[in-house]
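The values are calculated or read from the model by the stated rules, or taken from the named source; none is laboratory data. Keep in mind that what you see is a predicted model, and the values were worked out from it rather than measured. Note that each Cβ is placed from the backbone with ideal geometry, even for glycine, and that neighbours are counted across all protein chains shown. Heads up: the accessible areas ignore ligands, DNA and RNA and are worked out on the full protein's heavy atoms, side chains in. Shrake-Rupley method; radii C 1.70, N 1.55, O 1.52, S 1.80 Å.
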Amino acid sequence: QSVDYGAAVGDLPVPDRIGYEFGGWFTQPDGNGIRYTSVTTYSMTGDVILYAQWTEGVTGVEDRLKTEVFAFPNPFAGALHLTGAEGCTLTVFTPAGAIVHTQKITGANETLSLEQLPAGLYLFRLEKDGKTKTLKMVKDGR
């Protein structure tokens with residue numbers, strides 16, 4: 001990324017690494033040195049190498065939604081099982097974007113009764129604390 005001397009660095013990439021939380025960009029591999037953000041004023045006369053810093057472990061809601069929330073079976077007939085979604089809001093959409101079901105998930109292991117849905121493809125969006133996970137689910141016509 002090119003930055004003019006005396007200007008703000010601007011938007012920096014936010015990398016994603018499964019099982020880790022991104023901690024920022026630093027001038028030293030061990031996290032010491034200068035931390036660079038989008039508003040840091042570039043005051044160097046040459047190139048600077050920035051190093052990503054990581055904290056190991058699934059630490060945030062978004063990571064937990066990605067790695068610990070499951071819906072099964074897929075395809076499902078009428079009942080659908082959700083695990084790991086406690087505290088999430090479930091919204092079910094058609095591929096055209098129409099909302100056909102909304103429900104607050106209260107338990108860590110819940111069985112949903114979705115017999116009222118016609119057979120077809122659905123998008124299940126689970127949301128908690130502003131973070132989301134979307135699953136493609138198929139309702140079987142049998």
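For (1) assigned to a loop (DSSP other than H, G, I, E, B); (2) at pLDDT below 85; (3) in contact with a helix residue (DSSP H, G or I) (Cβ under 7 Å, 6 or more places away or on another chain); (4) among the aliphatic types (A, V, I, L, M), each residue gets a yes or a no:
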{"position": "64", "(1), (2), (3), (4)": "no, yes, no, no"}
{"position": "97", "(1), (2), (3), (4)": "yes, no, no, no"}
{"position": "103", "(1), (2), (3), (4)": "no, no, no, no"}
{"position": "111", "(1), (2), (3), (4)": "no, no, no, no"}
{"position": "122", "(1), (2), (3), (4)": "no, no, no, no"}
{"position": "135", "(1), (2), (3), (4)": "no, no, no, yes"}
{"position": "142", "(1), (2), (3), (4)": "yes, yes, no, no"}
Scope segment 8-29; condition small (Gly, Ala, Ser), open to solvent by less than 40 Å² (accessible area, probe 1.4 Å) and closer than 17 Å to residue 49 by Cα; matching residues: 10, 23, 24
Within segment 25-51, residues being at pLDDT 85 or above and closer than 30 Å to residue 68 by Cα number 2
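Out of all the residues in segment 121-133, which are surrounded by 13 or more Cβ atoms within 10 Å (Cβ to Cβ) and either among the charged types (D, E, K, R) or over 11 Å from residue 71 (Cβ atoms) (or both)? If you could, list the steps in order and put the result at the bottom.
Start the filter on segment 121-133 by keeping residues that are surrounded by 13 or more Cβ atoms within 10 Å (Cβ to Cβ), which leaves 122-128, 131-133.
Residues satisfying the conditions are 123, 125, 127, 128, 131, 132, 133.
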Going through segment 82-119 one residue at a time, which ones are open to solvent by less than 30 Å² (accessible area, probe 1.4 Å) and either in contact with a Lys or Arg (Cβ under 6 Å, 6 or more places away or on another chain) or among the hydrophobic types (A, V, I, L, M, F, W, C) (or both)? 82, 85, 87, 88, 90, 91, 92, 105, 112, 114, 117
